[in-house]
Ligand SMILES: NC(=O)c1ccc[n+]([C@@H]2O[C@H](COP(=O)([O-])OP(=O)(O)OC[C@H]3O[C@@H](n4cnc5c(N)ncnc54)[C@H](OP(=O)(O)O)[C@@H]3O)[C@@H](O)[C@H]2O)c1
């Protein structure tokens with residue numbers, strides 16, 4: 001295997017606000033042959049995630065910023081096409097942070113082998129049984145301490161993490177789920193997958209409707225900002241806020257003020273942040289739990305798939321405009337999975 005391949009590198013750091021046409025640069029690289037202990041991987045799916053916006057800022061975070069000129073970091077799924085590592089053979093399915101590029105060469109010991117069960121889908125390693133599903137499970141059970149009968153409110157509910165969290169909570173005994181998203185189409189979808197109440201945060205009467213909700217036991221926060229502030233005002237005693245993400249802030253010029261934080265004290269409640277990567281010891285348990293729900297017909301995963309490396313930047317932009325349903329990936333393989341399964 002030799003020849004050229006495409007990769008997307010960070011060209012310049014965006015100022016506060018959305019990425020621009022100059023943020024990334026598409027370039028070609030020469031396929032590097034694997035050395036001793038190395039493998040060559042042909043990438044089949046690359047991930048598109050809100051957190052990528054944060055990786056472009058030169059600030060302290062849970063991972064170092066992507067460097068100018070470096071291939072854009074992204075978790076990815078691919079197949080080994082050449083191996084000089086005895087633990088891998090041609091055709092093995094592998095997962096790791098291969099980045100926004102068509103081929104990756106590196107040490108076999110740095111990557112994970114994946115097996116798709118019979119009747120399963122490779123793409124689920126990117127979503128349902130990947131970091132998305134793990135985030136929803138860890139968020140609800142490890143951080144949110146989900147209990148029978150809880151009223152669970154989930155923002156960003158039609159997205160990757162949100163759709164899995166919505167279905168887990170809806171399947172939990174006696175729980176009620178209020179799911180929040182940004183379009184009528186998404187609300188219809190959320191009702192179909194089990195949400196008891198749905199709210200569009202773009203509606204003019206959203207705040208009024210939110211205040212009419214019964215009080216909240218668990219708030220799964222994917223968006224931060226004004227919706228977080230509303231949720232803080234609606235807590236039941238001993239409520240748990242799962243600080244999963246704050247997409248409303250990632251492109252914002254300045255942060256949204258939070259006025260209602262004192263309710264954490266008066267309602268004896270907690271708000272806890274987490275990074276899913278720290279909970280790898282729970283992934284097996286989480287995967288088994290999710291697989292059981294799938295088997296029982298209580299959980300399905302939806303994917304938003306675009307094709308070709310050239311679509312990565314546009315697809316990342318679209319995510320911030322809410323154009324995705326479920327987990328967003330870019331497919332690099334002919335005949336891969338389609339959107340809206
Ligand atoms: N803590 C962790 O370890 C961890 C791991 C994975 C993800 N996350 C976080 O979890 C959140 C969801 O990630 P995801 O991968 O599942 O993304 P996603 O929900 O699939 O996509 C983002 C969605 O956010 C919504 N959105 C965009 N701008 C918004 C705004 N200003 N206000 C409210 N909603 C907005 C859009 O849907 P609408 O059409 O509804 O607006 C969009 O579809 C993100 O904050 C991410 O950073 C955290």
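The values are calculated or read from the model by the stated rules, or taken from the named source; none is laboratory data. Remember, predicted model here, so these are calculated numbers, not experimental data. With ideal geometry, Cβ positions are generated from the backbone for all residues, glycine too; neighbour counts draw on all protein chains shown.
Assorted remarks:
- Considering (1) surrounded by fewer than 20 Cβ atoms within 10 Å (Cβ to Cβ); (2) in contact (Cβ under 8 Å) with a residue 60 or more places away in the chain, the lone condition that residue 134 does not fulfil carries the number (1).
- The residue list 115, 80, 43 contains one member that is without any contact (Cβ under 8 Å) to a residue 24 or more places away in the chain and either exposed (fewer than 12 other Cβ atoms within 10 Å of the Cβ) or more than 26 Å from residue 250 (Cα to Cα) (or both), which is 115.
- Residue 50 without any contact (Cβ under 8 Å) to a residue 40 or more places away in the chain and either assigned by TED's automatic domain parsing to the domain that holds residue 16 or surrounded by 18 or more Cβ atoms within 10 Å (Cβ to Cβ) (or both): no
- Qualifying residue in region 228-236 (condition: surrounded by fewer than 19 Cβ atoms within 10 Å (Cβ to Cβ) and within 16 Å of the ligand (Cβ to nearest atom)): yes
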